[in-house]
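This report concerns only the one structure given below.
The values are calculated or read from the model by the stated rules, or taken from the named source; none is laboratory data. The structure presented is a predicted model; accordingly, all values stated were derived computationally and were not measured. Cβ atoms come from the backbone with ideal geometry, glycine included; neighbour counts cover every protein chain shown.
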C-alpha cells in the first residue's frame, strides 16, 4: 500500500487536546497513515499501531536527519540540534555514552532522599484549603529543580527555562519568538560553560566540559546542545506526567481510592499513568533513508515519519480496554519512553520523581479535587508534548470531596 492509495488527513488544532480519537480513527483505517499535522503544511506518515510503532522506533533505516537539509551553518538552530536525540549512529552512541552512567537506575536511586526533600518543601509551601495551580506550584518546580541540581544549573532562571521549553516544543510559536528564545538559550549555556570552566563543580555539566576539553569527545556546539537537551527533556516528561497523572486520578476516583488504599501499587500506577496520559505524545522526527515497509505500507525514501507513542499505548491489540485507567493492569511494554537506541535515557529519573510526587501529594492532601470543570482545562499547542497549560485544584488535607462542575468519572481526553 502506498500514500496514493491512502487519503491524507489534515489534523486540526483539536488534535492538541485530544490526539486519542484521531489515533483510533486512523488506526482503524490503517496504523500507518499519511497526515498533515496541525501547524504544518507537508504530509508525513503517522504511525498509531503498537506493533508498527515498535518496528519503526527500532528500524535503522528511519534516520533522525533529512538528507540534503540542515540548519544554516552558524545559526542558533544549528547549535541546538547537535544532540543525541537528533543523531544517528555512530554519533548517537558517542554522545549517549557520555551521559549514560549519570542516569542508571542505581545512580538515580541515590537521589531519592534529595528528591523527597524537594517534594516535601514544595508541598509545605502549598496553602491547604486553597485553590492553586498545581502545575506551576508543584508539577513544574519539582523536576526542574532536580534536573538543574543534577546538571549544575542555577534554578534562579527556571521561569526562563519554562518559557524557552514551551516555545521549543510548540507547533504554533511565531518564528521571531522561536529565534529569540533559541538565541537566549545558546547565549545562556555558552556563558554557563565559561563559568564552569573557571570554577568546575561536582555536577554533570562540569563532567561533560572535562570530557570536551580533555579528549575532544564532543565539540563545543555539541556540548551546548547536550546541555539544552538534558535540561528540556529532563523536566518536560515529568512535568506532564505529574500534572496529567493527577488529573487522570481525579477523574477516575475508583482508581484514586484504590491507590490510596494500597500504596504498594505506586510503581505499577506510574507505569499505567505513563501509558494512559502519554506525556510525550509523539517521538521526534524521523526520515526514511531508503524505502521502508511498515504495517504493509510502503514509505518512500525521503518521507517524514512520526510515531504516535500515545496512539501505540492505546492500541487495543496490545492493551485490553486501553481507554480505561486501570492501576492494576500490567502496563509493561508501553512506549511512553520510546524504544530502540533512542529510548529515553532519563526514564529512571522520571519514574522515581513521579513515584515520590504522587505518593507525597496524595498523602498530604487526601481531599484534593479539581477547582474547575475538566472541559475548561487547556492543553499546550504541541504534537510532541501532551501537557496541560495549568491545573487548578483545591487542596483539602483530608476527606473526600465531589469533583467540581459535574466532571465525568472517566477521562477519555
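Under the condition of being touching a helix residue (DSSP H, G or I) at 6+ places or on another chain (Cβ under 6 Å) and assigned to a loop (DSSP other than H, G, I, E, B), which residue from region 343-370 is surrounded by the most Cβ atoms within 10 Å (Cβ to Cβ)?
346
Restricting region 17-37 to residues that are within 16 Å of residue 310 (Cα to Cα) and touching a helix residue (DSSP H, G or I) at 6+ places or on another chain (Cβ under 6 Å), which is surrounded by the fewest Cβ atoms within 10 Å (Cβ to Cβ)?
Top of the filtered list is 22.
Got a sec? Which of 115, 144 is in contact with a helix residue (DSSP H, G or I) (Cβ under 6 Å, 6 or more places away or on another chain), crowded, with 21+ Cβ neighbours inside 10 Å and under 15 Å from residue 355 (Cβ atoms)? Don't jump to the end; show me each part of the working.
Details: 144 fails: under 15 Å from residue 355 (Cβ atoms).
The match here is 115.
Return a yes/no flag: does region 123-133 have any residue that is in a helix (DSSP H, G or I) and at pLDDT 95 or above. Lay out the reasoning, then the answer.
Filtering region 123-133 down to residues in a helix (DSSP H, G or I) leaves 123-124.
Add one more test, that the residue is at pLDDT 95 or above, and what stays is 123-124.
Scanning region 123-133 turns up at least one residue that is in a helix (DSSP H, G or I) and at pLDDT 95 or above.
Restricting attention to region 261-274, does a residue exist that is surrounded by 20 or more Cβ atoms within 10 Å (Cβ to Cβ), touching a helix residue (DSSP H, G or I) at 6+ places or on another chain (Cβ under 7 Å), modelled with pLDDT under 95 and within 20 Å of residue 318 (Cβ to Cβ)?
The answer is no, given that none of the residues of region 261-274 is surrounded by 20 or more Cβ atoms within 10 Å (Cβ to Cβ), touching a helix residue (DSSP H, G or I) at 6+ places or on another chain (Cβ under 7 Å), modelled with pLDDT under 95 and within 20 Å of residue 318 (Cβ to Cβ).
If you check 278, 347, 312, which single one turns out to be at pLDDT below 95 and under 30 Å from residue 109 (Cα atoms)? Full working, then the answer.
Working: 347 fails: at pLDDT below 95; 312 fails: at pLDDT below 95.
Just one listed residue meets the conditions, 278.
Report the residue count in region 54-80 for those that are modelled with pLDDT of 90 or more and either loosely packed, with under 15 Cβ neighbours inside 10 Å or part of a loop (DSSP other than H, G, I, E, B) (or both).
Residues flagged as modelled with pLDDT of 90 or more and either loosely packed, with under 15 Cβ neighbours inside 10 Å or part of a loop (DSSP other than H, G, I, E, B) (or both) within region 54-80 amount to 5.
So residue 293 fits all but one of (1) surrounded by fewer than 22 Cβ atoms within 10 Å (Cβ to Cβ); (2) touching a helix residue (DSSP H, G or I) at 6+ places or on another chain (Cβ under 9 Å); (3) outside any loop (DSSP other than H, G, I, E, B); what number is the exception?
It is condition (2) that residue 293 fails.
Within the group 201, 172, which residue is surrounded by fewer than 19 Cβ atoms within 10 Å (Cβ to Cβ), in a loop (DSSP other than H, G, I, E, B), touching a residue at least 12 places away in the same chain (Cβ under 8 Å) and under 20 Å from the mean Cα position of the chain (by Cα)? I'd like the intermediate steps shown before the answer.
Values: 201 fails: under 20 Å from the mean Cα position of the chain (by Cα).
Within the list 201, 172, the selection yields 172.
Counting only residues that are assigned to a strand (DSSP E or B) and touching a helix residue (DSSP H, G or I) at 6+ places or on another chain (Cβ under 6 Å), which one in region 296-332 is nearest to residue 28 (Cα to Cα)? First the steps, then the outcome.
Residues of region 296-332 that are assigned to a strand (DSSP E or B), as a first pass: 297-299, 304-308.
Still in the running and touching a helix residue (DSSP H, G or I) at 6+ places or on another chain (Cβ under 6 Å): 307-308.
Numbers: 307: 16, 308: 14 Å.
Looking at the filtered set, the residue picked out is 308.
Please work out if residue 191 is surrounded by 13 or more Cβ atoms within 10 Å (Cβ to Cβ) and either in contact with a strand residue (DSSP E or B) (Cβ under 7 Å, 6 or more places away or on another chain) or assigned to a helix (DSSP H, G or I) (or both). Show your work before the answer.
Working: surrounded by 13 or more Cβ atoms within 10 Å (Cβ to Cβ): no; either in contact with a strand residue (DSSP E or B) (Cβ under 7 Å, 6 or more places away or on another chain) or assigned to a helix (DSSP H, G or I) (or both): yes.
No.
Do the conditions hold for residue 146, that is, is it in contact with a strand residue (DSSP E or B) (Cβ under 6 Å, 6 or more places away or on another chain) and closer than 16 Å to residue 239 by Cβ?
Working: in contact with a strand residue (DSSP E or B) (Cβ under 6 Å, 6 or more places away or on another chain): no; closer than 16 Å to residue 239 by Cβ: yes.
Spelling it out, it is not the case that residue 146 is in contact with a strand residue (DSSP E or B) (Cβ under 6 Å, 6 or more places away or on another chain) and closer than 16 Å to residue 239 by Cβ.
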